[in-house]
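Asks: Input: one structure, supplied below.
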Amino acid sequence: MGRQEQILTKPHEEIEQIQIEGIKQTVVNCYEGIPFYRKSFDAAGFDPYAIESIEDLAKAPFVTKQDLRDSYPYGMLAVPLEDVREIHMSSGTTGVATVGAYTARDIEIWGDCFARGIEYADGGPKDIAHICYGYGLFTGGLGAHYGGISAGCTTIPMSAGQTERQIRVLREMGSSIICCTPSYAMHIADTAIEMGLDPKKDFTLRAGILGAEPFSDAFRADLENKLGIKVLDVYGLTETMGPGVAIECMEQDGLHIAEDHFYCEIIDPETGKVLPDGEWGELVITTVDREASPVVRYRTRDITRILPGQCACGRTHRRIDRLHGRTDDMLVIRGVNVFPSQIEDVMKTFTQVSSWYVIELARKGSMDVVTLKVEPAPDFDFDEIAALERVQGAIQAALKTALSVAVKVQIVEPKSIPRSEGKAKRVIDNREGIR
């Protein structure tokens, strides 16, 4: 049993008591220390001093990413700036960045949360953790780094990029656990194979803790086969901490929430009503004990569900399902709601194509046009036109059946889709006025 197993196997009634005590303090700290929350709570008629149960939290108003942006840079701090030891920011590619601040205790908790993932992978002091998430303002690199240190691993801060050097270090240093985005892990695997290596024999990896972007079960199976590892999904976001909010165990049956630090709800994204366990909806997170940047009922826009029942691993913390998509990533095509993950799930049933794809959206007259561009599998003859057209037609037919939307399929030349050292860009929307 790992060093954190005592908290991870507590009866859930005891975990709920930890949550309610922490939430009581969090809502009061937010009300007394952050003007936004005082105004928001008062406007909603929510009394932060009257919480007696977990259910009472549902009376509190939501907070959104735009609320955090509007408070940039320090408007959401609940502690004096001199108590802050580290700051991270979201990319801000669609607007002003959101800021996540950390006290020394926040950083310690962050490391402990990610370290749980390493322990879920049966990892610890005998392991070498190869961290190739990007370091810097992005939370991925340092979150995984703190996790490696907290778990007692020998930790290599590679960061992203310089793929051939990554491969050399993986071969020479005996790395056993890799932490990065799934698309970059696939790029490392594919590059190694192109170099004439067999990652299953030439690397010493046995597990990967991969996140920051969604990936299908088929993608995971392909990656596990190429690298000879077990891939565990990790969830997190700058607004609540970073990677480590929830992580899969070796059962790969949902991501265990770090419930002593986060309380999760699932709501109907249209009505805001809290949904029961098992129903799909939008994930809402309240931090239980974060000091610098607490959030109360933060709408993540991520679509998932709370899995009913207890995991076969014996740990008692509730689990969220792997992300189905995001409410703001959902594509509305001719009135039909489509998530990119649904297109990928269909595409990956065809062995003739690879994991590298992009979805392009355009408008022709008043009609939406969707094109799936995907690279061929290594053993597929791209120059055999008849075979190419048969596969394209078969994928198009399968997508039409699954989605009730016409999707044009183009098998494009190998290596023509850009590789990313960070998050892969899967959707390109060229429709004017559509966001």
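Asks: Checking LEU205 against (1) touching a His at 6+ places or on another chain (Cβ under 9 Å); (2) assigned to a helix (DSSP H, G or I), which test does it fail?
Replies: (2)
Asks: Further question: Can you pull out every residue in region 164-192 that is in contact with a Lys or Arg (Cβ under 7 Å, 6 or more places away or on another chain) and in contact (Cβ under 8 Å) with a residue 60 or more places away in the chain?
Replies: Within region 164-192, THR181, HIS187 qualify.
Asks: Which condition breaks for ASP56 when tested against (1) farther than 24 Å from GLY141 by Cα; (2) in a loop (DSSP other than H, G, I, E, B)?
Replies: Going through the list (1) farther than 24 Å from GLY141 by Cα; (2) in a loop (DSSP other than H, G, I, E, B), ASP56 breaks only (2).
Asks: Also, I was wondering about something else. So which residues in region 279-325 are assigned to a loop (DSSP other than H, G, I, E, B) and of a type in the set (Val, Ile, Thr), if there are any at all?
Replies: Within region 279-325, VAL288, VAL295, VAL296, THR316 meet the criteria.
Asks: Look at region 145-163 and say how many of its residues are open to solvent by less than 10 Å² (accessible area, probe 1.4 Å) and either closer than 16 Å to GLU421 by Cα or without any contact (Cβ under 8 Å) to a residue 12 or more places away in the chain (or both).
Replies: Qualifying residue count for the region: 1.
Asks: Among the listed residues ARG322, ARG363, identify the single one that is of a type outside the set (Asp, Glu) and open to solvent by less than 40 Å² (accessible area, probe 1.4 Å). Don't jump to the end; show me each part of the working.
Replies: On the way: ARG363 fails: open to solvent by less than 40 Å² (accessible area, probe 1.4 Å).
Sole residue among the options that is of a type outside the set (Asp, Glu) and open to solvent by less than 40 Å² (accessible area, probe 1.4 Å): ARG322.
Asks: Find the residue count for region 110-142, including only residues that are open to solvent by 20 Å² or more (accessible area, probe 1.4 Å) and in a helix (DSSP H, G or I).
Replies: 3
Asks: Follow-up. Please determine, by comparing only the residues of region 245-292 that are open to solvent by 10 Å² or more (accessible area, probe 1.4 Å) and of a type in the set (Ser, Thr, Tyr), which one is nearest to HIS88 (Cα to Cα).
Replies: Residue satisfying both the conditions and the ranking: TYR263.
Asks: State which residue pairs qualify: first residue within 17 Å of THR349 (Cα to Cα) and inside region 381-401, second residue among the charged types (D, E, K, R) and surrounded by fewer than 12 Cβ atoms within 10 Å (Cβ to Cβ) in any location, beta carbons under 8 Å apart, and separation of 6 or more residues or different chains.
Replies: ALA387/ASP381
Asks: Any residue at all in region 195-202 that's buried (at least 20 other Cβ atoms within 10 Å of the Cβ) and hydrophobic (A, V, I, L, M, F, W, C)?
Replies: No, because not a single residue in region 195-202 is buried (at least 20 other Cβ atoms within 10 Å of the Cβ) and hydrophobic (A, V, I, L, M, F, W, C).
This table checks each residue for (1) open to solvent by 70 Å² or more (accessible area, probe 1.4 Å); (2) touching a strand residue (DSSP E or B) at 6+ places or on another chain (Cβ under 9 Å); (3) at pLDDT 80 or above.
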{"residue": "THR349", "(1), (2), (3)": "yes, no, yes"}
{"residue": "ASP379", "(1), (2), (3)": "yes, no, yes"}
{"residue": "ALA386", "(1), (2), (3)": "no, no, yes"}
{"residue": "ARG390", "(1), (2), (3)": "yes, no, yes"}
{"residue": "VAL409", "(1), (2), (3)": "no, yes, yes"}
{"residue": "ILE417", "(1), (2), (3)": "no, yes, yes"}
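Asks: (1) within 22 Å of SER216 (Cα to Cα); (2) modelled with pLDDT of 85 or more; (3) not hydroxyl-bearing (Ser, Thr, Tyr): which one isn't true of LYS423, the others all being true?
Replies: With respect to (1) within 22 Å of SER216 (Cα to Cα); (2) modelled with pLDDT of 85 or more; (3) not hydroxyl-bearing (Ser, Thr, Tyr), LYS423 is out only on (2).
Asks: Assuming THR26 fulfils every condition listed in (1) free of Cβ contacts under 8 Å to residues at least 60 places away in the same chain; (2) more than 22 Å from THR181 (Cβ to Cβ) apart from one, which condition is it?
Replies: Of everything listed in (1) free of Cβ contacts under 8 Å to residues at least 60 places away in the same chain; (2) more than 22 Å from THR181 (Cβ to Cβ), THR26 misses just condition (1).
Asks: Just to be sure I understand, how many residues within region 410-423 are hydrophobic (A, V, I, L, M, F, W, C) and either over 15 Å from ALA377 (Cα atoms) or without any contact (Cβ under 8 Å) to a residue 40 or more places away in the chain (or both)?
Replies: Counting residues in region 410-423 that are hydrophobic (A, V, I, L, M, F, W, C) and either over 15 Å from ALA377 (Cα atoms) or without any contact (Cβ under 8 Å) to a residue 40 or more places away in the chain (or both) gives 1.
Asks: Take the residues in region 7-35 that are within 21 Å of SER293 (Cβ to Cβ) and open to solvent by 50 Å² or more (accessible area, probe 1.4 Å), then tell me which one is farthest from the chain's Cα centre (by Cα).
Replies: Step by step, filter region 7-35, then rank; the result is GLU32.
Asks: Closer than 25 Å to ASP67 by Cα and assigned to a loop (DSSP other than H, G, I, E, B) - does that describe any residue in region 220-236?
Replies: no
Asks: Just a yes or no: is a residue in region 29-44 within 21 Å of TRP110 (Cα to Cα) and modelled with pLDDT of 95 or more?
Replies: yes
Asks: Please determine, by comparing only the residues of region 36-60 that are touching a residue at least 60 places away in the same chain (Cβ under 8 Å) and within 24 Å of TYR72 (Cα to Cα), which one is surrounded by the fewest Cβ atoms within 10 Å (Cβ to Cβ).
Replies: ALA60
Asks: Right, something else. Using the structure shown, decide if GLU413 is over 26 Å from the mean Cα position of the chain (by Cα), modelled with pLDDT of 90 or more and over 23 Å from ASP217 (Cα atoms).
Replies: Yes: the conditions hold for GLU413.
The values are calculated or read from the model by the stated rules, or taken from the named source; none is laboratory data. Not measured: the values here are computed from a predicted model. Ideal geometry is used to build each Cβ from the backbone, glycine not excepted, and the neighbour counts take in all protein chains shown. Areas reflect the complete protein model, heavy atoms only, side chains present, ligands, DNA and RNA absent. Shrake-Rupley method; radii C 1.70, N 1.55, O 1.52, S 1.80 Å.
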